[in-house]
Each structure stands twice: as C-alpha cells, then as structure tokens.
Amino acid sequence: MSLQSGKSPIIEMTEKLCATILEQPEYKEISEKINKFSVDEQAKQLYQSVYEHQMRLQEKQMQGLPITEEETEAFQMEYEALLELETARGFIEAQQMIEEIEQTVQSYITNTFKLGRVPRPEDFIQGGACGCGGSCGCGGH
C-alpha cells in the first residue's frame, strides 16, 4: 500500500485528524504555553541548564558510576527553581499534554493493527494500551 501516490484515504483522514487536533481548546492552551515560554529568556536558560544537568547525571548513570546525594539534591534544587517560573512550568505541562495526545493516537493505531478492528474502550488499560499482546496477564486484552 503506497501512501505517497496521490491522495490516499489514509492521508486524507490523517489530515482531518490533524485539523481536529488543532481545533481543540487543549491545543490552543498548549500553543499559548509554548509561545509564552519561547519569549522568556530566563525560563529558557534555566530549562536548558536543567536539561544539561539531567543529561550529565544520566550519562554518569549509564557508565555505571554512582550519583551522589549531593548531585541529586543539586539537580532537585535546580529543577524546583525551574518549576517556580510559571512560563517554564507551563511549557513542561504543554509537553506532557502533547505526549499524552501522541500516546493516545499511537495506542489507537497500534491496537487497530493488533485487533484488526477499531479499538473499543475495553481494549485499553488505564493510561493507554497494554502493548503486551495480552500475554502478560494484565487483562488489557
């Protein structure tokens, strides 16, 4: 099935889904939070600093090196300072909202392929699709 040749029904419906997402009040809220963050230099700098700090700690952990209590506390303090900034907190919330929308859409698509039909609410477990194929005993399928 080639989706690139002409205007396939899948592409048309995907475009309709995208348009529907853009029309939602949640999208307007997401966009507003991202725009406020994008003009707040202090929030962007602190966000970048927290991100880099997190990457350093993850790299250390991946190398099997211990992370000290002081390092954890320093990161936590920096992260809490970031959350004190309303625009940064809003940006993080917007990212979480985007992720939730993406996961929901992906869960529906994944379950459509797995089940060979449009998923029903009972085909999902709390928080999204099981993804285990029913073999884990979670009761998701």
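The values are calculated or read from the model by the stated rules, or taken from the named source; none is laboratory data. The structure presented is a predicted model; accordingly, all values stated were derived computationally and were not measured. Reconstructed Cβ throughout: ideal geometry from the backbone, glycine too, with neighbour counts over all protein chains shown. Just so you know, the surface numbers come from the protein's heavy atoms only, side chains and all, with ligands and any DNA or RNA stripped out. Shrake-Rupley method; radii C 1.70, N 1.55, O 1.52, S 1.80 Å.
May I ask you to give the percent of accessible area on segment 29-86 that is carbon plus sulfur, with a probe radius of 1.4 Å?
Details: 2210 of 4310 Å².
Reported share for carbon and sulfur atoms: 51 percent.
Residue by residue, what Karplus-based ³J(HN,Hα) values in Hz, rounded to whole numbers, does segment 71-77 have, using 6.51, -1.76 and 1.60 with θ = phi - 60° and x for Gly and Pro?
Going residue by residue, I get 5, 5, 5, 5, 5, 4, 5 Hz, with x marking Gly and Pro.
What is the sum of charges around E80, taking Lys and Arg as +1, Asp and Glu as -1, for the other residues whose C-beta is under 12 Å from the C-beta of E80? Walk me through the intermediate numbers first.
Numbers: positive: R89; negative: E73, E78, E84.
Every neighbour counted, the sum reads -2.
Return a whole-number percent for the relative contact order of segment 1-103, with Cα pairs under 8 Å and 6 or more residues apart as the contact set. Please list the in-between numbers first.
Details: 48 pairs, mean separation 36.2, N = 103.
Relative contact order of segment 1-103: 35 percent.
Can you list residues from other chains, or at least 5 along the same chain, whose modelled amide H is less than 5 Å from the amide H of I125?
For I125, whose amide H was placed from the backbone, the distant partners under 5 Å are C130.
Between Y108 and E32, how high is the FRET efficiency from 1/(1 + (r/R0)^6) when r is the Cβ-Cβ distance and R₀ = 35 Å? Nearest 0.05. Intermediate values should be presented prior to the final figure.
On the way: r = 26 Å, r/R0 = 0.75.
Computed FRET efficiency for Y108 and E32 comes out at 0.85.
Residue-wise, which Karplus ³J(HN,Hα) couplings in Hz belong to segment 42-48, taking 6.51 cos²θ - 1.76 cosθ + 1.60, θ = phi - 60°, and x for glycine or proline?
Going residue by residue, I get 4, 5, 5, 5, 5, 4, 4 Hz, with x marking Gly and Pro.
Any idea how far the Cα center of segment 29-80 sits from the one of segment 6-21, in Å?
A separation of 36 Å, based on Cα centres.
Quick check on segment 31-116: take the gyration tensor over C-alpha atoms, sort the square-rooted eigenvalues as a ≥ b ≥ c, and tell me if it's rounded (a/c under 1.5), prolate or oblate. Mind showing how you got there, number by number?
On the way: a/c = 3.30, a/b = 1.32, b/c = 2.49.
Oblate is the answer for segment 31-116, as a/c is 1.5 or above yet b/c matches or exceeds a/b.
Would you please classify the overall shape of segment 1-60 from the alpha carbon gyration tensor, given that a ≥ b ≥ c denote the square roots of the eigenvalues, rounded means a/c under 1.5, and beyond that prolate means a/b larger than b/c while oblate covers the rest?
Working: a/c = 4.13, a/b = 1.82, b/c = 2.27.
It comes out oblate by the Cα gyration axes.
Could you state the accessible area per residue of segment 35-100 in Å², with a 1.4 Å probe and every protein chain left in place? Spell out each step's value before the answer.
Numbers: 4740 Å² over 66 residues.
In whole numbers, segment 35-100 has 72 Å² accessible per residue.
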